[in-house]
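Written out below as structure tokens is the structure these notes cover.
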Amino acid sequence: MSRTDDILFRPHRLGALDLKNRIAMAPMTRSRAAQPGNVATELTATYYAQRSGAGLLISEGTQVSPVGQGYAFTPGIHSAEQTAGWRRVTEAVHASGGRIFAQLWHVGRVSHPLLHGQQPVAPSAVAAAGAKAFVVDGGGIGMVDTPTPRALTTDEVRGVVEEFAQAARNARDAGFDGVELHAANGYLIEQFLRSESNRRDDAYGGSVDNRLRFLAEVTEAVAGVFGADKVGVRISPFLELNGIHDDDPHGLFLAVARLLDGLGVAYIHTSESSPMELPPGHDPVPAGFRTALREAYRGTIMVAGGYDGARARAILESGLADMVAFGRPYISNPDLDARLAAGLPLTEPDRATFYGGGAQGYTDYPPLTQAAE
Ligand SMILES: Cc1cc2nc3c(=O)[nH]c(=O)nc-3n(C[C@H](O)[C@H](O)[C@H](O)COP(=O)(O)O)c2cc1C
């Protein structure tokens, strides 16, 4: 099949941007930021530039404040030094013909004082069952249980909204093409959305409308910087990661979709499965949600989680998604777009080098296509 006939390579208008194909690189934490300061490096720039054949790259989660960090060595976007680090990345990506959004991240209760010296913050003082933070302690590094967080006061919630706005200004100054809000996987924004973690009795808790308020304010704040047509929002309605739970995810996330439709964001990105293998043919999203999402929201729908070329083409052909994001395949296949186009085999990633370290398992996976073409 030539690229012209292949639905994966049909150009796509994403909000304000014209993309060369329907392929995104999913956001992936790689824990290689320079210390001290959690700064993206020249190696980070090389890594993303190598993958710029994707229509859109989405950066690894980048914390909007010190207390918003949950894992050691993740790059932030709240200091001038961090902003300068990211500028190297966006320049390298743009020079390679790519586009890149920053994934703005606040982990909320999925954190630990060993990372920043503070008690983690959340909508309510409810610990995340089974959640772990990744910390450096003395000479050692490892996963530790996350403690019970402190509930943010109403004024502090507004302060966190402002931290997201400042992070968006930094992202703009760093040359990003837009931002993706990390409202998935049990982190702060999702902690506000779901009833299990949000027990507030002020304007940010209680009814579904109130639980949506934090997401609405953060989205409006970053849209005020970039324009809503350069903002995406990542959700994971049917994953219960980091202890998160809600009795009615279907209803809750359709309300989220209607909210984001009204705000005019460029895309909704659904994270459909955690990084584990799916049984063949299994769709992790309940029947009916995909069509209901399409009806509730008029922008671009991006999906991620266990996609290969065949599943990606099938969902695009069905009309229920407009773009597909690939995570692990992009770790070990920097030229994934070209391999998908040519039907070339994919290299399996080495899990041992997912998080931390240097170039090994990061920038040293070779492209296949140079040899094959
Ligand atoms: C090493 C690694 C790090 C990840 N970090 C993030 C992250 O920072 N933000 C996020 O939203 N998802 C993160 N994810 C989830 C991926 O974006 C993606 O949804 C998941 O890997 C499933 O897609 P895949 O089957 O194509 O890998 C991460 C996944 C992996 C494997």
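The values are calculated or read from the model by the stated rules, or taken from the named source; none is laboratory data. Here the structure is a predicted model, which is why all the values come from computation and not from measurement. Using ideal geometry, Cβ is built from the backbone for each residue, glycine included, and neighbour counts are taken over all protein chains shown. These accessible areas exclude ligands, DNA and RNA; they are computed on the full protein's heavy atoms, side chains included. Shrake-Rupley method; radii C 1.70, N 1.55, O 1.52, S 1.80 Å.
The sole residue among Val265, Val303 that is within 13 Å of the ligand (Cβ to nearest atom), modelled with pLDDT of 95 or more and not basic (Lys, Arg) is Val303. Could we say that Leu320 is surrounded by 17 or more Cβ atoms within 10 Å (Cβ to Cβ), modelled with pLDDT of 95 or more and under 28 Å from Asp229 (Cβ atoms) here? No; evaluated as a whole, the condition is false for this residue. Criterion applied to Ala325, Ala312, Ala341 was being under 22 Å from Tyr297 (Cβ atoms), in a helix (DSSP H, G or I) and out of contact with any Pro (no Cβ under 6 Å at 6 or more places or on another chain), and the one residue passing it is Ala312. Among the residues of the stretch 219-269, the ones that are over 23 Å from Asn198 (Cα atoms), of a type outside the set (Gly, Ala, Ser) and either touching a residue at least 60 places away in the same chain (Cβ under 8 Å) or touching a strand residue (DSSP E or B) at 6+ places or on another chain (Cβ under 6 Å) (or both) come to 7 in all. Would you please list the contacts, defined by Cβ atoms under 8 Å and residues six or more apart or on different chains, that run from a residue in the stretch 327-355 that is farther than 21 Å from Phe9 by Cα and open to solvent by 60 Å² or more (accessible area, probe 1.4 Å) to a residue that is in a loop (DSSP other than H, G, I, E, B) and of a type in the set (Gly, Ala, Ser)? The qualifying pairs are Asp350/Gly361; Ala352/Gly361; Tyr355/Ser31. Residue-level analysis places Pro286 among those that are in a loop (DSSP other than H, G, I, E, B), open to solvent by less than 70 Å² (accessible area, probe 1.4 Å), at pLDDT below 95 and out of contact with any Leu (no Cβ under 9 Å at 6 or more places or on another chain). Applying the condition of being open to solvent by less than 10 Å² (accessible area, probe 1.4 Å) and touching a Gly at 6+ places or on another chain (Cβ under 6 Å) to the stretch 26-38 and asking which residue is farthest from the ligand (Cβ to nearest atom) yields Ser31.
Residues checked against (1) open to solvent by 30 Å² or more (accessible area, probe 1.4 Å); (2) within 23 Å of the chain's Cα centre (by Cα); (3) within 16 Å of the ligand (Cβ to nearest atom); (4) farther than 29 Å from Arg99 by Cβ:
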position	(1), (2), (3), (4)
Met143	yes, yes, yes, yes
Glu156	yes, no, no, yes
Val161	no, yes, no, no
Phe164	no, yes, yes, no
Ala174	no, yes, no, no
His182	no, yes, yes, no
Arg199	yes, no, no, yes
Asp209	yes, no, no, yes
Glu217	yes, yes, no, no
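Listed by position, the helices (runs of 4 or more DSSP H) contained in the stretch 35-121 that have at least 2 residues being at pLDDT 95 or above, touching a Phe, Trp or Tyr at 6+ places or on another chain (Cβ under 6 Å) and within 30 Å of Ala151 (Cβ to Cβ) form an empty set. One residue stands out among those in the stretch 90-106 that are of a type in the set (A, V, I, L, M, F, W, C) and touching a strand residue (DSSP E or B) at 6+ places or on another chain (Cβ under 7 Å): the one that is nearest to Gln50 (Cα to Cα), which is Val93. Inspection of the stretch 232-244 identifies no residue that is open to solvent by 10 Å² or more (accessible area, probe 1.4 Å), in contact with a helix residue (DSSP H, G or I) (Cβ under 9 Å, 6 or more places away or on another chain) and among the hydroxyl-bearing types (Ser, Thr, Tyr).
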